[in-house]
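Participant: Provided herewith is a single structure, encoded as structure tokens, for subsequent inquiry.
No value in this document is a laboratory result; all are computed from the given coordinates. Note that the structure is predicted; figures quoted are calculated from it, not measured. Cβ placement follows ideal geometry from the backbone for every residue including glycine, while neighbour counts extend to all protein chains displayed.
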Amino acid sequence: MVDLPDAPQIADSLLDLIGNTPLVRLRRVTEGLTCQVVAKLEMTNPGGSVKDRPAVAMIDAAERDGLLGPGGTIVEPTSGNTGVGLAIVAAQRGYRCIFVMTDKVAPEKVELLRAYGAEVVVCPVAVEPSDPQSYYSVAERLVRETPGAFRPNQYANEWNPWAHEHSTGPEIWRQTAGKITHFVAGVGTGGTITGVARYLKAQNPNVQIVGGDPAGSVYSGGSGRPYLVEGIGEDFWPTTYDPSLVDRVVAITDEDSFNMARRVTAEEGILIGGSGGTAVAAALEVGKGLGPDGLVVVLIPDSGRGYLSKVFNDDWMAGLGFVHAEGRTVADVLRARGGDVPPLVYVHPDDTVRRAVNLMRGHGVSQLPVAKGELPLAAAEVLGAVDELALMDLAMHDRTVLDSEVEKVMGPRLPTIGIGQPLELAVELLDRAPALVVLAGGRPHIVLARTDMLRYLSGADQ
């Protein structure tokens with residue numbers, strides 16, 4: 001017979017089920033390493049992510065401090081996971097929610113938040129934090145305009161790292177019997193890595209804390225310009241992040257993050273998202289230098305279910321140049337051009353039309369993308385394009401247009417194609433557009449014109 005407990009084991013609330021997530025050993029993606037790498041599976045929280053932990057802590061504190069009362073509204077900028085955690089708390093306690101997200105977030109995340117009854121406002125990703133359209137600025141405006149609104153502000157709310165110092169950290173220490181040598185996590189608000197680091201280093205100062213960061217984010221020395229991985233990396237320094245506790249930050253490209261997420265899912269049977277891929281890629285990099293006594297715990301922040309339309313969509317991956325098709329591809333056309341392939345030639349929106357014309361003449365091109373930022377560009381930074389025929393027509397009727405800013409005369413963006421996509425697709429797209437922007441590793445790489453394709457197909461460069 002089964003021994004029954006003294007009382008029914010039933011949680012009073014879904015919130016009581018947050019935490020105590022399991023550790024599991026990664027065996028196949030770690031082949032060749034002598035250390036142990038184990039994953040902390042935060043997707044087993046009720047809301048599906050590590051953000052359930054600070055969501056409860058921040059709302060509990062707001063209620064205690066009188067910042068959020070009955071019938072109040074929670075307003076927060078989020079990549080999705082914090083929003084879900086807050087939405088669960090709101091559903092339990094009767095609050096309204098408004099979440100602000102960037103347009104790089106997977107559509108299923110937006111729909112998930114709406115399923116919880118939240119309102120969602122989507123903002124452009126390729127703007128500065130201080131821009132009125134940024135999701136930080138929009139959230140602040142909504143707080144001012146909404147009666148009874150409270151913004152948890154996970155980027156500055158100390159209850160964010162507190163939640164991890166008092167739950168995630170102690171769990172990892174207990175689950176590893178104090179044998180952990182390295183902790184690896186993606187860095188977003190900095191709350192998870194800071195809180196866990198506080199606890200682990202208090203137990204053993206020799207435990208190494210490692211951040212996995214999207215290449216381009218400020219944590220690994222970038223400017224914070226747009227990257228594609230969601231939920232981690234920043235373009236400013238949150239006060240919830242304590243850099244003095246982090247021993248090393250490993251920059252991981254979008255391509256390596258997404259391919260690692262797909263690999264972990266296929267080889268370990270653990271469905272993880274792009275930020276989880278970043279963390280695992282960083283953990284494997286750390287593991288290369290460790291012996292058999294090394295025990296690396298890598299935190300998997302959420303499931304890959306929120307990224308099915310992106311990371312696990314072959315067309316999306318191919319369109320950004322992350323995967324390559326069989327047979328002849330765009331890459332073959334570019335290789336055939338040989339050493340004369342220039343880097344991406346483009347103009348800034350505040351450059352003059354005269355400069356655009358001179359660039360076209362100097363490089364022998366007839367179309368130029370218009371983009372803000374410096375190389376390497378992010379795809380989101382491409383704003384439009386200018387065409388020599390259109391500029392010629394404008395200049396014919398008004399010579400002063402040559403001294404106008406490019407953004408005043410630019411047309412729509414050129415279509416994009418992944419560097420590994422089939423030649424047939426390139427021909428199809430070039431039938432409708434004079435040129436294409438080729439993406440490699442998720443970033444604009446070069447402009448492919450009809451003349452390039454004709455030269456390749458005619459064998460002139462072969």
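Participant: Working only within region 192-215, note down all residues that are small (Gly, Ala, Ser), out of contact with any His (no Cβ under 6 Å at 6 or more places or on another chain) and crowded, with 24+ Cβ neighbours inside 10 Å.
Facilitator: Going residue by residue through region 192-215, those that are small (Gly, Ala, Ser) are 195, 197, 202, 211-212, 215.
Still in the running and out of contact with any His (no Cβ under 6 Å at 6 or more places or on another chain): 197, 202, 211-212, 215.
Within region 192-215, Ala197, Gly211, Gly212 meet the criteria.
Participant: Just checking, how many residues over region 384-398 are surrounded by 16 or more Cβ atoms within 10 Å (Cβ to Cβ) and of a type outside the set (A, V, I, L, M)?
Facilitator: Of the residues in that region, 3 qualify.
Participant: So which residues in region 364-391 are more than 14 Å from Val409 (Cα to Cα) and without any contact (Cβ under 8 Å) to a residue 60 or more places away in the chain?
Facilitator: Narrowing region 364-391 to residues more than 14 Å from Val409 (Cα to Cα): 364-366, 372-382.
Across region 364-391, the qualifying residues are Gly364, Glu374, Leu375.
Participant: Out of everything in region 178-207 that is in a loop (DSSP other than H, G, I, E, B) and out of contact with any strand residue (DSSP E or B) (no Cβ under 9 Å at 6 or more places or on another chain), what residue ends up being farthest from Glu234 (Cα to Cα)? Let's see the steps before the verdict.
Facilitator: Of all residues in region 178-207, those in a loop (DSSP other than H, G, I, E, B) come to 178-181, 187-190, 204-207.
Okay, now just the ones that are also out of contact with any strand residue (DSSP E or B) (no Cβ under 9 Å at 6 or more places or on another chain), so 178, 188-189, 204-206.
Working: Gly178: 31, Gly188: 6, Thr189: 8, Asn204: 29, Pro205: 27, Asn206: 27 Å.
Out of the qualifying residues, it is Gly178.
Results for (1) part of a loop (DSSP other than H, G, I, E, B); (2) buried (at least 19 other Cβ atoms within 10 Å of the Cβ); (3) among the aromatic types (Phe, Trp, Tyr), shown as yes or no for each residue.
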| position | (1), (2), (3) |
| --- | --- |
| Gly276 | no, yes, no |
| Ala279 | no, yes, no |
| Glu285 | no, no, no |
| Pro292 | yes, no, no |
| Leu299 | no, yes, no |
| Gly306 | no, yes, no |
| Ser309 | yes, no, no |
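Participant: Next up: How many residues are touching an Asp or Glu at 6+ places or on another chain (Cβ under 7 Å) and surrounded by fewer than 23 Cβ atoms within 10 Å (Cβ to Cβ) when one looks only at region 28-42? Don't jump to the end; show me each part of the working.
Facilitator: Going through region 28-42, the residues touching an Asp or Glu at 6+ places or on another chain (Cβ under 7 Å) turn out to be 28-29, 42.
Right, trim to surrounded by fewer than 23 Cβ atoms within 10 Å (Cβ to Cβ) and you get 28-29.
Number satisfying all stated conditions: 2.
Participant: Could I ask something else about it? What number goes with the only condition from (1) crowded, with 22+ Cβ neighbours inside 10 Å; (2) at negative phi that Gly442 does not pass?
Facilitator: (2)
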